[in-house]
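The values are calculated or read from the model by the stated rules, or taken from the named source; none is laboratory data. Since this is a predicted model, take the numbers as computed values, not measurements. Quick reminder, even Gly has a Cβ in these numbers, built from the backbone with ideal geometry, and neighbours come from all protein chains shown. Each accessible area value is taken on the protein alone, full model and side chains, heavy atoms only, with ligands, DNA and RNA left out. Shrake-Rupley method; radii C 1.70, N 1.55, O 1.52, S 1.80 Å.
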Amino acid sequence: MPSPKALILVDIQNDYFTGGLWPVDEMAQVAEAARAVLETARAAGDLVIHIRHEAASSKAPFFRPGTAGAEIHPSVAPLPGEAIVLKHRPNSFHETDLHARLTEAGIAQLTIVGAMTQMCIDATTRAARDFGFDVTLVAAACGARAQSFGDVNLTAVQVQAAFLGPLEMSYATVL
């Protein structure tokens with residue numbers, strides 16, 4: 001009988017790594033932690049779904065259609081039979097078949113890893129919980145990027161904490 005658990009790997013794509021168009025802080029370490037979570041999920045027989053974000057325009061700042069930067073990073077490359085869900089918005093459920101795939105497989109528990117914590121991880125986690133899934137986030141396997149608003153400049157570590165704290169309060173268990 002298949003596991004009622006799924007691992008969702010969100011946007012672990014080349015543009016987020018050093019040399020890419022939109023590098024995320026410590027993305028190589030984030031991907032290494034995600035790879036470890038992926039190996040554990042595969043060994044447990046959990047459903048594995050890779051999310052790949054592609055921008056709607058070739059003029060987008062990153063994840064441009066048809067580019068190497070928009071491809072899934074080799075560190076977490078999908079195996080044959082593992083689903084890849086293409087999305088165009090931060091929420092991995094928005095206008096995709098992710099919810100249908102999870103429901104059809106009888107999934108109740110999700111582990112979510114990937115990037116960016118302040119965008120796609122946040123949006124996907126909130127939507128997953130709103131759909132009734134029990135969600136776990138692995139902090140070391142989620143990556144944030146430094147952010148500014150007005151005169152306030154936050155480091156990636158501060159952004160990570162500012163998003164994981166509220167998610168842990170109401171939407172997920174954060175490990």
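Taking other residues whose beta carbon is less than 12 angstrom from the beta carbon of Arg64, and scoring Lys, Arg as +1 and Asp, Glu as -1, yields -2. One decimal place: the segment Phe149-Asp134 gains 2.2 nm when fully extended, by the rule 0.36 nm per residue minus the C-alpha distance. For the set Thr67, Thr40, Thr117, Thr18, the ranking by accessible area, highest first and with no ligand, DNA or RNA atoms included, is Thr18, Thr40, Thr67, Thr117 under a 1.4 Å probe.
Sequence-ordered 3J(HN,Hα) estimates for region 47-60 from the Karplus curve with 6.51, -1.76 and 1.60 and θ = phi - 60° stand at 5, 10, 10, 9, 9, 10, 8, 10, 5, 7, 9, 6, 9, 4 Hz, glycine and proline given as x. Sorted largest first by accessible area at a 1.4 angstrom probe radius, with every protein chain in place, the residues Lys59, Lys5, Lys87 fall in the order Lys59, Lys5, Lys87. Each other residue within a Cβ distance under 15 Å of Glu54 adds +1 if Lys or Arg and -1 if Asp or Glu, for a net charge of +1.
With all protein chains kept in place, the per residue accessible area of region 1-151 amounts to 47 square angstrom at a probe of 1.4 angstrom. Extension gain, Ala36 to Ala108, is 23.8 nm, computed as 0.36 nm per intervening residue step minus the present C-alpha separation. Using a 1.4 angstrom probe on heavy atoms only, work out the carbon and sulfur share of the accessible area of the chain in %. Whole-percent figure for carbon plus sulfur exposure: 57. Put simply, the amide H of Val48, placed in the peptide plane, has neighbours under 5 Å in Leu7, Ala83, leaving out anything fewer than 5 places away on its chain.
Note on exposure: Met119, Met169 ranked by accessible area (1.4 Å probe, complete protein assembly) read Met169, Met119, with the most exposed listed first.
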